[in-house]
Amino acid sequence: MRIEIRADGRHISGYVNATEKQSKPVITPYGKVVEVIEPRAFERAISRAGDVNVTVDHDDTHIYASTKSGTLTLYEDAIGLHADVIVTDENLVNLAKKGKIKGWSFGMYNVVDELEQRADDLPLRKIKDLDLDHITLVVNKTPVYSATSVEVRAEKEIDLEERSMETQLELIQDRSVFDYTPFKERIEKIKGESK
């Protein structure tokens with residue numbers, strides 16, 4: 001995870017989940033398994049998603065950023081699901097400055113998967129497709145895979161599975177202000193030449 005304190009806001013970015021990387025044991029509708037998200041699953045989820053929100057510790061009572069507002073950018077690359085968030089909430093900014101953000105997590109539903117039984121290990125659940133519910137910053141919880149929870153949406157129950165990935169925290173403070181003087185001088189020169 002990378003946190004940058006810039007003149008135009010606080011940017012928190014990093015990989016929410018690495019594809020093809022096995023999880024720690026996690027409780028799922030199949031019981032305890034090890035999971036892996038297949039490549040392009042997040043890419044497809046992003047293309048279908050409406051508005052994806054950023055929360056803290058999966059608490060949807062306060063939204064800190066969203067794709068709709070332009071304060072959250074998501075993409076999948078060769079590593080996995082990457083997020084870039086612009087944060088304006090001062091409490092969350094202070095937590096970031098103090099290094100209290102432990103990592104990322106996400107919620108998924110409409111999961112398409114395949115279960116592979118393994119003789120000497122937990123079954124391997126391969127996530128082939130999913131819908132992305134939200135991205136969350138982990139502050140008061142442990143940033144590891146967590147149990148399935150059920151949430152009521154549109155008057156019906158859906159399985160909302162919350163996942164996370166541990167990452168290292170890097171804090172960068174950039175207090176520089178961009179100097180526009182050369183551009184202003186060029187504009188004035190062009191204005192003078194056009195008269």
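The values are calculated or read from the model by the stated rules, or taken from the named source; none is laboratory data. The shown structure was predicted, so the numbers you read here are calculated from the model rather than taken from an experiment. Please note: Cβ atoms are built from the backbone with ideal geometry, for glycine as well, and neighbour counts cover all protein chains shown. These accessible areas exclude ligands, DNA and RNA; they are computed on the full protein's heavy atoms, side chains included. Shrake-Rupley method; radii C 1.70, N 1.55, O 1.52, S 1.80 Å.
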Next on the checklist: Given a Förster distance of 22 Å, report the FRET efficiency between residue 122 and residue 47 from their Cβ-Cβ distance, rounded to the nearest 0.05.
Outcome noted: 0.10
Item to check | Peptide ranges 58-67, 79-88 listed from the most packed, as the mean C-beta count within 10 angstrom indicates | outcome: 79-88, 58-67
Next on the checklist: For a Förster distance of 30 Å, can you work out the FRET efficiency between the beta-carbons of residue 30 and residue 100, rounded to the nearest 0.05?
Outcome noted: 0.35
Checklist outcome for this item: Result for the stretch 15-66: accessible area per residue, probe 1.4 angstrom, in square angstrom, of 48 Å²
Checklist outcome for this item: At q = 0.13, 0.20, 0.22 1/Å the base-10 log of I(q)/I(0) from the Debye formula over the alpha-carbon atoms of the stretch 1-113 is -0.54, -1.20, -1.37
Checklist entry - Structure shown: which of 98/184; 24/100; 32/98; 21/141 lie over 28 Å apart, alpha-carbon to alpha-carbon? => result 98/184; 32/98
Checklist entry - Counting only protein heavy atoms and using a 1.4 Å probe, what share of the accessible area of the stretch 30-144 belongs to carbon plus sulfur, as a whole percent? => result 47 percent
